[in-house]
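The structure appears below as structure tokens.
The values are calculated or read from the model by the stated rules, or taken from the named source; none is laboratory data. It should be emphasised that the depicted structure is a prediction, and the values quoted were computed from it without experimental measurement. For neighbour counting, all protein chains shown are included, and Cβ atoms are generated from backbone atoms with ideal geometry for every residue, glycine included.
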Amino acid sequence: MKRYIALLRGINISGKNKIAMSALKAGLSELGFADASTYLNSGNVVFSSEINDKKILADKIQSMIKEKFELDIPIYVLLQEELQDILDNAPNWWDSNNKEIYDNIIFIMPPLTYDELYNEIGSPKDEYEKICNYKNIVFWSFSRKDYRKTNWWSKTASSNVSSMITIRTANTLRKIAEM
């Protein structure tokens, strides 16, 4: 049995797409997933499964959410060991514990690619933000006080590909990797 992470896009944000984490965990148990746990209230789930296909897992979770909660939520699934590999290969400027910098990872949902995301959003503004692609995810850091001046901040939410990405902070990902 392998340990997986499911990142649900856009739930429990500003009162929209509400899903109680206890109900979500119950739904995962009904699907036959073991040891389901959540982190925060924003769609970070860790679970175990004998299914070895991330697309099948994402489809099962997405179908369950449609049925139980009447929501069509994009799901990104990865192995817990893949998340650890991502964190182990972060650029040296990312996750520096500098409180003035906001460190994130953008998870790109297939079939979207990094090149398509980059072409849609454009170049980062070097004086305010940094990006680095690794295995079709993007390390992204920016100045907290200047976030409105970045190119990527507004465009990740308003671009034509915004529904095909989900973003998590460095702190959230470190916690999930340990679950």
Matching residues in segment 35-53 - criterion: being surrounded by fewer than 18 Cβ atoms within 10 Å (Cβ to Cβ) and free of Cβ contacts under 8 Å to residues at least 60 places away in the same chain: Asp35, Asn41, Ser48, Glu50, Ile51, Asn52, Asp53
Filtered residues of segment 1-34 (kept if in contact (Cβ under 8 Å) with a residue 12 or more places away in the chain, aliphatic (A, V, I, L, M) and in a helix (DSSP H, G or I)): Met21, Ala23, Leu24, Leu28
For Asn97: the one exception among (1) modelled with pLDDT of 95 or more; (2) polar (S, T, N, Q); (3) closer than 23 Å to Val138 by Cβ: (1)
Within segment 97-128, considering residues that are outside any loop (DSSP other than H, G, I, E, B) and among the polar types (S, T, N, Q), the one surrounded by the most Cβ atoms within 10 Å (Cβ to Cβ): Asn104
Selected residue [within 15 Å of the chain's Cα centre (by Cα), outside the structural domain of Ala157 (by TED's automatic domain parsing) and within 20 Å of Glu178 (Cα to Cα)] from Ala34, Ala6, Ala58: Ala6
Some residue of segment 162-178 being surrounded by 13 or more Cβ atoms within 10 Å (Cβ to Cβ), in a loop (DSSP other than H, G, I, E, B) and at pLDDT below 95: no
Residues of segment 145-162 satisfying the condition of being out of contact with any helix residue (DSSP H, G or I) (no Cβ under 8 Å at 6 or more places or on another chain), hydroxyl-bearing (Ser, Thr, Tyr) and either without any contact (Cβ under 8 Å) to a residue 12 or more places away in the chain or closer than 14 Å to Gly43 by Cβ (or both): Ser158
Failed condition for Arg148, given (1) exposed (fewer than 15 other Cβ atoms within 10 Å of the Cβ); (2) under 30 Å from Leu31 (Cβ atoms): (2)
The listed residue being assigned to a strand (DSSP E or B) and either exposed (fewer than 15 other Cβ atoms within 10 Å of the Cβ) or not aromatic (Phe, Trp, Tyr) (or both), out of Ile86, Ile131, Ile56, Ile61: Ile131
Residues being modelled with pLDDT of 95 or more, out of contact with any Leu (no Cβ under 7 Å at 6 or more places or on another chain) and in a strand (DSSP E or B) - total across segment 36-53: 2
Sole residue being within 17 Å of Tyr102 (Cα to Cα), touching a residue at least 60 places away in the same chain (Cβ under 8 Å) and not assigned by TED's automatic domain parsing to the domain that holds Ile75, chosen from Ile131, Ile167: Ile167
